[in-house]
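A.B. asks: One structure is given below, represented as structure tokens, and several questions about it will come after.
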Amino acid sequence: MQAGPHHLRLTAQARSSASALEEVAAWLNSASEPSSLWLHVADRVLTLPELRAIQDLLGERGFLLERVQAETTLGLVAAAAMGLETGLSQTNTTPEPARTEPERLTIHRGTLRSGDHLEVNGSLLVLGDVNPGARVSAAGDVRIWGRLRGVAHAGSGGNQQARIVALQLRPLQLRIAGAVARGPDDQPPAGFCEQAVLRGGAIAIEPAEPQWPVETGSVSG
């Protein structure tokens, strides 16, 4: 009978001083016979290089990284980009107060180019760039796992709690609910996501938080 997969659970970000790769390496020192493995990343948001390094390390020891489980949608982006199985885990923490954004999530795979216009009723996650001349609009959040250089509108139905997040937030125009602003001109900080949010009725740019409670929806592209 074939044994089931191993389950490797990482420590939540706030309770660990070690990187994900360091935790995996420590686990391998006491791991049993190699097999397929499910990696539970808790609330961590691993980048593509981080997850590939973990996959390579596991492969060197004969383990096949088969699936990634995370507590947030953003925690699954790198795994989805690598073609791994993904799934959302239930958290044991007290949930935050309900936000007014719709719960439905649409995931679009691929870059949006000049002339493309993508509009959704819920929240939107784009796995790719939004080039100049392209537009994205969502009643909830807009998340770009890539460069945002076109036009983005979050909270299109008037939701002032909505936000726009990107790995590189340099759009031609930002809109949140009824507020409008131009994107920043300076270079983004290396290694950090940025978000646009409403502060006092005006759009502000600040470091992005990894948490995102949206859990269901569809995939396009």
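A.B. asks: Could you please state, rounded to a whole Å, how far the C-alpha centre of the range 108-132 is from the C-alpha centre of the range 1-62?
C.D. replies: Between the Cα centres of the range 108-132 and the range 1-62 lies a distance of 32 Å.
A.B. asks: Sequence-distant or interchain residues sharing an amide H contact under 5 Å with His40, placed H: which?
C.D. replies: Residues meeting the criterion, in which the H sits 1.01 Å from N, are Leu8, Arg9, Leu10, Gln69.
A.B. asks: Let me ask another. Quick one: which residues, 5 or more positions from Gly133 or on another chain, have an amide H under 5 Å from its amide H? H modelled 1.01 Å from N in the peptide plane, none for Pro or chain starts.
C.D. replies: Val151
A.B. asks: For labels at Leu57 and Arg199 in the simple 7 Å Cα→Cβ model, what's the distance in nm?
C.D. replies: About 3.5 nm, to one decimal.
A.B. asks: Another question, then. Return the equivalent ellipsoid semi-axes of the range 1-58 as a descending list in whole Å, where each equals the square root of 5 times an eigenvalue of the C-alpha gyration tensor.
C.D. replies: 20, 12, 11
A.B. asks: Give me the net charge for the shell around Thr111: Cβ to Cβ below 14 angstrom, other residues only, Lys and Arg +1, Asp and Glu -1.
C.D. replies: +3
A.B. asks: Right, here's the next one. On full extension of the chain, what length is gained from Glu66 through Thr47, given 0.36 nm per residue of separation minus the C-alpha to C-alpha distance?
C.D. replies: Here the answer is 5.1 nm.
A.B. asks: Say R0 is 25 Å: what FRET efficiency, to the nearest 0.05, do Glu22 and Ala179 get from their beta-carbon distance?
C.D. replies: Efficiency, rounded to the nearest 0.05: 0.05.
Throughout, read-outs are computed from the coordinates displayed, never taken from laboratory work. As the structure is a prediction and not an experimental result, all values here were calculated from the model. When we count neighbours, we look across all protein chains shown, and the Cβ atoms used for this are built from the backbone with ideal geometry, even at glycine.
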